[in-house]
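**Q** Please read through the structure below; I'll follow up with questions.
The values are calculated or read from the model by the stated rules, or taken from the named source; none is laboratory data. No experiment lies behind these values; they were computed from the predicted model shown. Virtual Cβ from ideal backbone geometry, glycine too; neighbours counted across all protein chains shown.
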Amino acid sequence: MRLSRITLAIACIGWMHSAFAQETTPPAQDVAPETTPASTWPDPATSPAEMLDVARIQRSLMVDAAEARDRAVIVGDRGHILVSESRSEWRQVPVPTRTLLTAVSAVDNRLWAVGHDQVIVYSSDGGLTWTLQNSDIASEGPLLDVLFLDAERGFAVGAYGQFLSTTDSGATWTKEVISDRVAGADPLAAPIADMEEGEDDSMLASTDVGEDEGDPHLNAITRVSAGLLIVGEAGAVYRSIDNGATWERSDLPYDGSMFALVPLDNGRVIAAGLRGNVFITGDLGRTWQAMNSGTEASLFGGTAVPGGRAVLVGASGTVLLAPADTLDLRLFTFGDGGTMSAAIPISESEFVLVGENGVANYSPN
């Protein structure tokens, strides 16, 4: 049975982070713990992010990025959000949460960012100002990705199969688990695969997978012309052809976790994840082909490049270029990158990379 209290890793970057504990633990010199009830400490989900020197934030953990109409937006640790019109000079904006933000989605100049404690924050002006739409400090795990189909309809997914949906731009959210929308499915019919003895679990979405049955963690959601696709823990794949009203469960030809989905401009989708495993589908996940990554470094994010191409990023400074019409990826290493989880293009040969070491521009040689 799945433990109700486990330590969750950030699935989109695949490794443990202690920001939540740091935010909720007071400095010893300021307050005597034995005389102050824990309930008096502010809830990080609803406390505003601290405004810091931007150079410091640019070197700290940042997790995801999106392109609004007027500027690029990057989200990460302690509710920090950076914006830039130039993609080279960044500035921090006020945000009404200091919990870890894990993903951001843009439709024109509207943006939604999600994170721990089921936090969802919203901007209507290209990321300059934000409001809190949702939070639940009692939730068992974080939201890990967000996707909006248009300015009104959107989805957020996360740990334990969390599936939130809205039809009013996020003013209200319907909270379910993914099995609630899987047509004709028994939520216990698809157990999460057990790990083999000795298998490294450091990059799994959960650190206590155990002998669980039920809804896997959902790590990424995307859309192409054929429909919607979700990937997650233990090779789980969900596909929808009715804009998310119902989903069909399927599987990858690999039972490890997938952390990223990159929709290409030719209608195909790349899935990337544990131990350098990369797959591509042209039929919304009915069938998959393995791509040759040339690495065992886990992959956590990426971005499409015009012409059916993509860039993938991951652990140990790994950068992969996916040329069009080939299953062979080109491997590069960004020495200062560390573990990276997102990328946005500046041009066809230069990218903004985002991860544990902050934000940096990179051009593969």
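**Q** If ALA171 passes every condition in (1) at pLDDT below 90; (2) farther than 22 Å from VAL63 by Cβ; (3) of a type in the set (A, V, I, L, M, F, W, C) but one, which one does it miss?
**A** Condition (1) is where ALA171 drops out.
**Q** Kindly indicate the residue of region 132-150 that is free of Cβ contacts under 8 Å to residues at least 60 places away in the same chain and within 29 Å of VAL224 (Cα to Cα) and also surrounded by the most Cβ atoms within 10 Å (Cβ to Cβ) among those meeting that condition.
**A** If we take residues in region 132-150 being free of Cβ contacts under 8 Å to residues at least 60 places away in the same chain and within 29 Å of VAL224 (Cα to Cα), then LEU143 is surrounded by the most Cβ atoms within 10 Å (Cβ to Cβ).
**Q** Right, something else. For region 154-175, how many residues are outside any strand (DSSP E or B) and either crowded, with 17+ Cβ neighbours inside 10 Å or on the phi > 0 side of the Ramachandran plot (or both)?
**A** 6
**Q** Just wondering, is there one or more residues in region 205-213 that are at negative phi, of a type outside the set (A, V, I, L, M, F, W, C), modelled with pLDDT of 95 or more and not in a loop (DSSP other than H, G, I, E, B)? Give the steps one after another, and end with the answer.
**A** The first filter runs over region 205-213 and keeps only residues at negative phi, leaving 205-209, 211-213.
Now narrow it down to the ones that are of a type outside the set (A, V, I, L, M, F, W, C): 206-208, 211-213.
This time we only want the ones that are modelled with pLDDT of 95 or more, so: none.
No, there is no match, as no residue in region 205-213 is at negative phi, of a type outside the set (A, V, I, L, M, F, W, C), modelled with pLDDT of 95 or more and not in a loop (DSSP other than H, G, I, E, B).
**Q** Turning to a different aspect of this structure: Give the residue, chosen from THR303, THR287, THR281, that is within 19 Å of the chain's Cα centre (by Cα) and surrounded by fewer than 24 Cβ atoms within 10 Å (Cβ to Cβ).
**A** Working: THR287 fails: within 19 Å of the chain's Cα centre (by Cα); THR281 fails: within 19 Å of the chain's Cα centre (by Cα).
So the residue among THR303, THR287, THR281 that is within 19 Å of the chain's Cα centre (by Cα) and surrounded by fewer than 24 Cβ atoms within 10 Å (Cβ to Cβ) is THR303.
**Q** While we're on this one: I need the full set of residues from region 107-124 which are out of contact with any Phe, Trp or Tyr (no Cβ under 7 Å at 6 or more places or on another chain), of a type outside the set (A, V, I, L, M, F, W, C) and not in a loop (DSSP other than H, G, I, E, B), in order please.
**A** Answer for region 107-124, where residues must be out of contact with any Phe, Trp or Tyr (no Cβ under 7 Å at 6 or more places or on another chain), of a type outside the set (A, V, I, L, M, F, W, C) and not in a loop (DSSP other than H, G, I, E, B): ARG110, GLY115, ASP117, GLN118.
**Q** Considering (1) part of a strand (DSSP E or B); (2) surrounded by fewer than 23 Cβ atoms within 10 Å (Cβ to Cβ); (3) of a type in the set (Asp, Glu), say which one GLU89 fails and leave the rest.
**A** Among (1) part of a strand (DSSP E or B); (2) surrounded by fewer than 23 Cβ atoms within 10 Å (Cβ to Cβ); (3) of a type in the set (Asp, Glu), GLU89 violates only (1).
**Q** Confirm whether THR287 is closer than 21 Å to ILE230 by Cα, free of Cβ contacts under 8 Å to residues at least 12 places away in the same chain and assigned by TED's automatic domain parsing to the domain that holds SER349. Break it down stepwise before answering.
**A** Working: closer than 21 Å to ILE230 by Cα: yes; free of Cβ contacts under 8 Å to residues at least 12 places away in the same chain: yes; assigned by TED's automatic domain parsing to the domain that holds SER349: yes.
So THR287 fits the description; yes.
**Q** Right, something else. Which condition does VAL354 not pass, out of (1) in contact with a Gly (Cβ under 6 Å, 6 or more places away or on another chain); (2) surrounded by 20 or more Cβ atoms within 10 Å (Cβ to Cβ), if it passes all the others?
**A** All conditions are met except number (1).
**Q** (1) surrounded by fewer than 17 Cβ atoms within 10 Å (Cβ to Cβ); (2) closer than 21 Å to SER135 by Cα; (3) within 22 Å of the chain's Cα centre (by Cα); (4) at pLDDT 75 or above: which one isn't true of ARG59, the others all being true?
**A** Among (1) surrounded by fewer than 17 Cβ atoms within 10 Å (Cβ to Cβ); (2) closer than 21 Å to SER135 by Cα; (3) within 22 Å of the chain's Cα centre (by Cα); (4) at pLDDT 75 or above, ARG59 violates only (2).
**Q** When you go through (1) buried (at least 24 other Cβ atoms within 10 Å of the Cβ); (2) at pLDDT below 95 one by one for THR318, which number turns out not to apply?
**A** Unmet condition: (2).
**Q** Next up: When you check SER124 against the structure, is it touching a residue at least 60 places away in the same chain (Cβ under 8 Å), surrounded by fewer than 24 Cβ atoms within 10 Å (Cβ to Cβ) and assigned by TED's automatic domain parsing to the domain that holds LEU149, yes or no?
**A** On the way: touching a residue at least 60 places away in the same chain (Cβ under 8 Å): no; surrounded by fewer than 24 Cβ atoms within 10 Å (Cβ to Cβ): yes; assigned by TED's automatic domain parsing to the domain that holds LEU149: yes.
So SER124 does not fit the description; no.
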